Amino acid sequence: MVRCAFLGTPAAAVPALRALAQGQDVAAVFCNPDRPQGRGRHLEAPPVKQAALELGLPVFQPERWRLPETRALWTSLGIDLAVVAAYGHILPGWMLDGCALGVWNLHYSLLPRWRGASPVNHALLMGDAATGVSLMRLTPGLDEGPVLAQCQRPITLQDTADGLLEVLARDAAALLEAHLPTLAAGTGLPLPQDEALATLAPKLDKTMAFMDPGRPAAELHRRVRALQPWPGTELTVAGTLVKVCGVGGLRPDPAAPGSLAWSRQGAWLTAGDGQALELTLLQRPGKPVQPAAQALQPWGAAGSLAVG
């Protein structure tokens, strides 16, 4: 039987790990080291490690792949086929060349669109009509390898980055399961990507959290959904930084951009294009996420403020 390795870290990689373990001999699972989590900063195992231990699979957590001991470990395992999903490491050339059946990546976009660290977020930010999963062979370039197969699903106005990623993780597992016999046999014929269509999805950062009410309402709607749960989106309400955690509908509004109006029926933020964006969930500092009208009660049961 083919000796396989799986490389992944977050919850989005767990369905693919389970799919691989059902169909092949998984000789090793690689994930990031345990990290401090929560207010107590206690070490917590990443979701892939937890799932691997439940499945009785050996787990390895190298800090870096450039260390000689990491290379020695990998070589000792005699891996024929490796599957990667949301691992978060740049893998060295010797590792990519060392698997007779290749190193295959489940990337959460319709390559060549959105190569990089945050493809789901950028698909939402830019208003893409659809996204999906690409099964591609890893090469030294960033998500530039040839693609064996893809699956696609539409993006709706209700999709958030975390919710969509959860669905795509299941799609990735199904895609892997469907093509695992081909990968194990070494008979897959992936096709090169069209470089002219390539776009990049760089890492998210905290500076993206600012929500400019002067932008169009539809753009703000996408931004809130795309940046959940991190870095999130924020507005300044009467000097207080408030996180916007959920949005609803859009409607015409003649008020000035940046006007926030609320009542028991809900809260609306006027954007820069004469449309208002419904805010459904907000979070004040030190408080849980609340319905917008409830979160705004310190400024009155109903009212209107200019926000920034």
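The values are calculated or read from the model by the stated rules, or taken from the named source; none is laboratory data. Just so it is clear, the structure is predicted and the values come from calculations on it, not from any experiment. So basically every Cβ, Gly included, is an ideal-geometry build from the backbone, and we count neighbours across all protein chains shown.
Quick look at the numbers
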read-out: Residue that is nearest to the chain's Cα centre (by Cα), among those in segment 163-197 that are of a type in the set (Val, Ile, Thr) and within 24 Å of VAL14 (Cβ to Cβ); value: VAL167
read-out: Residues located in segment 210-231, provided they are aliphatic (A, V, I, L, M) and surrounded by fewer than 18 Cβ atoms within 10 Å (Cβ to Cβ); value: ALA218
read-out: Total residues in segment 251-308, condition farther than 14 Å from GLU234 by Cα, assigned to a strand (DSSP E or B) and of a type in the set (S, T, N, Q); value: 6
read-out: Residue tally, condition surrounded by fewer than 19 Cβ atoms within 10 Å (Cβ to Cβ) and closer than 24 Å to PRO216 by Cα, over segment 285-306; value: 6
read-out: Check on ALA173, out of contact with any Asp or Glu (no Cβ under 8 Å at 6 or more places or on another chain), part of a helix (DSSP H, G or I) and either on the phi > 0 side of the Ramachandran plot or in the same structural domain as ILE79 (by TED's automatic domain parsing) (or both); value: yes
read-out: Within segment 1-118, strands (runs of 3 or more DSSP E) holding 2 or more residues that are in the same structural domain as ALA185 (by TED's automatic domain parsing) and within 22 Å of the chain's Cα centre (by Cα); value: 3-8, 25-30, 35-37, 81-85, 103-107
read-out: From the options ARG215, ARG223, residue that is free of Cβ contacts under 8 Å to residues at least 60 places away in the same chain, in the same structural domain as ALA276 (by TED's automatic domain parsing) and either over 20 Å from LEU106 (Cβ atoms) or not in a helix (DSSP H, G or I) (or both); value: ARG215
read-out: Long-range neighbours under 9 Å by Cβ, at least six apart or interchain, first residue free of Cβ contacts under 8 Å to residues at least 24 places away in the same chain within segment 73-88, second assigned to a loop (DSSP other than H, G, I, E, B) and among the hydrophobic types (A, V, I, L, M, F, W, C); value: none
read-out: Evaluation of GLU166 against (1) assigned to a helix (DSSP H, G or I); (2) crowded, with 16+ Cβ neighbours inside 10 Å; (3) among the acidic types (Asp, Glu) (one fails), failing number; value: (2)
read-out: Checking ALA117 against (1) among the small types (Gly, Ala, Ser); (2) out of contact with any strand residue (DSSP E or B) (no Cβ under 7 Å at 6 or more places or on another chain); (3) surrounded by 15 or more Cβ atoms within 10 Å (Cβ to Cβ), the condition it does not meet; value: (2)
read-out: Residues that are among the hydroxyl-bearing types (Ser, Thr, Tyr) and either in a strand (DSSP E or B) or within 12 Å of the chain's Cα centre (by Cα) (or both), drawn from segment 119-162; value: THR131, SER134, THR160
read-out: Segment 67-115: number of residues that are modelled with pLDDT of 95 or more, of a type in the set (A, V, I, L, M, F, W, C) and under 29 Å from THR199 (Cα atoms); value: 18
read-out: Residue in segment 192-203 that is without any contact (Cβ under 8 Å) to a residue 40 or more places away in the chain, crowded, with 16+ Cβ neighbours inside 10 Å and either of a type in the set (S, T, N, Q) or in the same structural domain as PRO291 (by TED's automatic domain parsing) (or both) present; value: no
read-out: Lone qualifier among THR156, THR131, THR182, THR139 - being in contact (Cβ under 8 Å) with a residue 40 or more places away in the chain and either acidic (Asp, Glu) or in the same structural domain as GLY8 (by TED's automatic domain parsing) (or both); value: THR139
